[in-house]
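Worksheet for the structure shown next.
What follows is calculated from the coordinates using simple rules that are stated; it is not laboratory data. Treat the numbers as computed from the prediction; the structure is a model and nothing was measured. Cβ coordinates were reconstructed from backbone atoms using ideal geometry, including for glycine residues, and neighbour counts include every protein chain displayed.
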Amino acid sequence: MKLLKLTVLLTFCCLYSCVYKSTSANIESVFVKNGNIYCKGDENKIKQLTFTGIDTMAVLSPDKKMIAFVRQNPGIYDEANEMLLIDNSEIWLYDLINNKNRCIIKPVNFEEGITPENILTNFQNLVFTNDGQKLLFITSAWETSGAIHEFSIQDNKQKYLVSGNSLEIITQGKYKDYLIINQHRYYEAGGSYDYYWLFDNNGKEIREIGDTEASVQNFLSEFNSIY
């Protein structure tokens, strides 16, 4: 009898796991409402995933197995000067297969000895790579430029890639997996400019694109690419 019960229990767990994985794979989109993360699946069914009231910037991985989001923990704010002194926000991952979430990036605020590319605050522009194995994001860094970082989900490691104020990953075409980044640069003779550049996924500059959104669209059309 005990063996029969155990067999039935294992069969049920296996069936439940398969059904849950199938449901996760059929998720169509994610969204934020009142600081909580929700997902929408088949037949427009909606499920609430977090309950903190402080979550934002949710993005779904291409394989629909993960959600990345920013948890805006309360920081220290200077009301007199209207500026945030200490940012306590974190980046989290929600595993849709196992229904678990974890913090992957903790804040590193500016202090003596911390270089701009190692500051981890004011998280923006979260985007998964096409294979869903890495997460890229932008942080505050220099006065006129942010820093683009990469987090490897498999290795659980973060690294700085390159400076930038905007980021897109090309999803198809000749330059699939390459990055389109807007950078603030300086002329040797003085003055500065903002320009879009193409980088590979290791942060190596490949070529210039142009100084407008239209130039980016022309580049994508030329190489039958989209992001």
Using the count of nearby Cβ atoms within 10 Å as a rough guide to exposure, how do M83, M57, M66 rank from fewest to most? M83, M57, M66
What net charge do the residues around A58 carry, taking every other residue with its C-beta under 12 Å from that of A58, with Lys and Arg at +1 and Asp and Glu at -1? +2
Taking the Cβ of E168 as the center, what net charge do the other residues with Cβ under 13 Å away carry, scoring Lys and Arg +1 and Asp and Glu -1? -1
In the structure displayed, which of K100/K204; K134/K204; K64/K174; K45/K174; K65/K174 lie more than 28 Å apart, Cα to Cα? K100/K204; K45/K174
Based on the alpha-carbon gyration tensor of segment 51-97 and its eigenvalue square roots a ≥ b ≥ c, which shape applies: rounded if a/c is under 1.5, prolate if not and a/b is larger than b/c, or oblate? prolate
Percent of Cα-Cα distances greater than 23 Å, calculated over segment 62-152: 29 percent
Given a Förster radius of 25 Å and the C-beta distance between H184 and N81 as r, what FRET efficiency does 1/(1 + (r/R0)^6) yield to the nearest 0.05? 0.55
Taking N as the number of residues in the chain, what is its Cα Rg relative to 2.2 N^0.38 Å? 1.21
I want the local charge near V32. Using Cβ-Cβ distances under 14 Å, sum +1 for each Lys or Arg and -1 for each Asp or Glu among the other residues. +3
Between the helical axis of 213-222 and the dominant principal axis of the chain, each derived from Cα atoms, what acute angle in degrees is found, rounded to the nearest 10? 70 degrees
Report, in degrees rounded to the nearest 10, the 0 to 90 angle that the Cα long axis of helix 2-25 makes with the longest principal axis of the chain. 30 degrees
Kindly put I54, I119, I148 in sequence by how many other C-beta atoms sit within 10 Å of each C-beta, fewest to most. I54, I119, I148
In sequence order, what are the phi-derived ³J(HN,Hα) couplings for segment 131-147 according to the Karplus relation 6.51 cos²θ - 1.76 cosθ + 1.60 with θ = phi - 60°, rounded to whole Hz, with x for glycine and proline? 8, x, 8, 9, 10, 10, 7, 10, 10, 5, 8, 8, 4, 10, 8, x, 10
On each of the three principal axes the extent of the alpha-carbon atoms of segment 145-227, given in whole Å and largest first, is 43, 31, 16
What GluC sites (Glu not before Pro) does segment 146-227 have in DSSP loop regions with at most 15 other beta carbons within 10 Å? E188
